[in-house]
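Have a look at the structure below before the remarks.
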Amino acid sequence: MKEIAIVGFQQSNSVSDAGAVNEVEMIMPVLSRVFQQVGINNAQDVGFVCSGSCDYLQGAAFAFVAGVDALGAVPPIKESHVEMDAAWALYESILKIRMGHADSALIYGFGKSSPGELPIVMSQQLDPYYLAPLWVDSISLAALQARLMLDQGLITERDMAEVVSRSRRNARNNPHAQLAGDVAPDDVLAQEMYLSPLRKADICPVSDGASAMIIATVEKAKEWGLPYAIISGIDHCIETHNLGMRDLTDSVSTRTAAKRAGMGAGPVEVAELYAPFSHQEIILRRALGLSDETSINPSGGVLAGNMMMASGLSRIGEVFNRIVSGEVQRGIAHATSGPCLQHNLVTVLEKA
């Protein structure tokens, strides 16, 4: 199969409230920058376009169609959409290229979460017969998961606080971060409980924003004369809706996806993990078998800013940036969807 490379990536700032700016207005500047980065004019210059978003965030059926306005409606393009994070739009685009239907693709994701109550909106990902009617919010489910880990002695509250502290510290070098600064673990532990055993700092913020990426065959990347990173592997795996039938203290699907993507074929210098809650980063780190030699979430991760439907793609973009800058040779990026790390995608990136 043809090797596929990432040639461009851009993202907006993570902001707590984009105000009167709508989704199209969030997307357009990001698309403009990624087109400029690659040296093309618009979406007509790539073979395929795929977006990731969630109609529930906008509260209207087929709301994602409005996002296409950011591309320009004429002339028509080959376009698709996933009702998920744009990391899965990347997966679809890779399949499109490997089937020979395109030699390049634009992927973008966007979400404006601030107008609604995101934890309640996310309850619609639950099993529609037994759990969704209860309106169990995403923070409550994560709190149950964290309590299981604490009661079994798998983590301590200080372990969680140290994840938060490192995230905020790393985010100081990320111009797009929403939360950054020097916060000591003791400062985190001194906070009041928000939803036991989670403190507010253990929970990713609600963020508005967008991200965009352009991929191509290696031949096309060379034709464009661009620096690139190879996508040497990608896979995703999902677990059951029934939370009682899963070991919530582990992430079997993440481990399976990483193995199938070929993570173990070489060293992992950097890992960007989509962990919306502090204890979930620990779960992912252990599931992937990452050592202290791996730099984890040098961007600050989603604890520093969580653009729903775009942050998974941004994890991949963050690793891409570090590879093309010469900082690392090889890394992995992780994206998640569903309650308590139900559905997980792992991408392996390498220097050309």
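The values are calculated or read from the model by the stated rules, or taken from the named source; none is laboratory data. Given the structure is predicted, the values throughout are model-derived calculations rather than measurements. Positions of Cβ are backbone-derived with ideal geometry, glycine not excepted, and every protein chain shown enters the neighbour counts. Areas reflect the complete protein model, heavy atoms only, side chains present, ligands, DNA and RNA absent. Shrake-Rupley method; radii C 1.70, N 1.55, O 1.52, S 1.80 Å.
Once the 1.4 Å probe is applied to the protein heavy atoms, the stretch 47-125 comes out at 41 Å² accessible per residue. So, with a 1.4 angstrom probe, what is the percent of accessible area on the stretch 257-340 that is carbon and sulfur? Of the solvent-accessible surface of the stretch 257-340, carbon and sulfur hold 44 percent. Of the solvent-accessible surface of the stretch 166-230, computed with a 1.4 Å probe and all protein chains present, 47% belongs to carbon and sulfur. Net charge in the neighbourhood of Ser104 (other residues with Cβ under 15 Å of its Cβ; Lys, Arg +1, Asp, Glu -1) is -1. Taking 0.36 nm per residue of separation and subtracting the Cα-Cα distance, full extension of the segment from Ala184 to Val24 would add 53.8 nm. Taking amide H atoms as placed 1.01 Å from N in the peptide plane, the amide H of Gly111 lies under 5 Å from those of Gly209, each 5 or more residues away in sequence or on another chain. Partner lysines whose Cα lies under 25 Å from the Cα of Lys96, excluding those fewer than 8 positions away in the same chain, are identified as Lys2, Lys78, Lys220, Lys222, Lys259, Lys351. Length gained on full extension, Trp135 to Ile120, computed as 0.36 nm times the residue gap minus the Cα-Cα distance: 4.7 nm.
Every helix of 4 or more DSSP H residues in the chain counts as -39500 (n - 2.57), and over all residues that averages to -9500 deg cm²/dmol at 222 nm. Starting from the Kirkwood Rh over alpha-carbon pairs, what translational D in µm² s⁻¹ does the stretch 236-337 have by Stokes-Einstein at 10 °C and 1.306 mPa s? Taking Rh from Cα pairs, D becomes 113 µm²/s.
Once the mean of 1/r is taken over each pair of separate Cα atoms and inverted, the stretch 1-154 shows a Kirkwood hydrodynamic radius of 17.6 Å. Applying 1/(1 + (r/R0)^6) with r as the Cβ-Cβ distance of Thr156 and Glu219 and R0 = 56 angstrom yields a FRET efficiency of 0.65. Excluding the site residues themselves, the longest part of the chain lacking any trypsin sites (Lys or Arg not before Pro) in a DSSP loop with at most 14 other Cβ atoms within 10 Å is 79-352.
With Cα atoms as the point set, the radius of gyration and Dmax of the chain evaluate to 19.1, 59 Å. Taking GluC sites (Glu not before Pro) in DSSP loop conformation with at most 10 other Cβ atoms inside 10 Å as exposed sites, the chain has its longest uninterrupted site-free stretch at 1-191. Over the stretch 290-352, accessible surface divided per residue gives 24 Å², non-protein components excluded, 1.4 Å probe. Projecting the Cα positions of Ile27, Ala229, Pro185 onto the charge dipole of the chain (unit charges on Cβ atoms of Lys, Arg, Asp and Glu, taken about the Cα centre) puts Ala229 furthest along the positive direction.
Distance between the pseudo-spin-label points of Met245 and Ser32 (7 Å out from Cα toward the beta carbon): 5.0 nm. The alpha-carbon atoms of the stretch 155-232 define a convex hull whose volume equals 142 cubic angstrom per residue.
Summarising the amide proton neighbourhood of Ser80: residues at separation of 5 or more, or on other chains, whose placed amide H is nearer than 5 Å comprise Val49, Cys50, Ser51.
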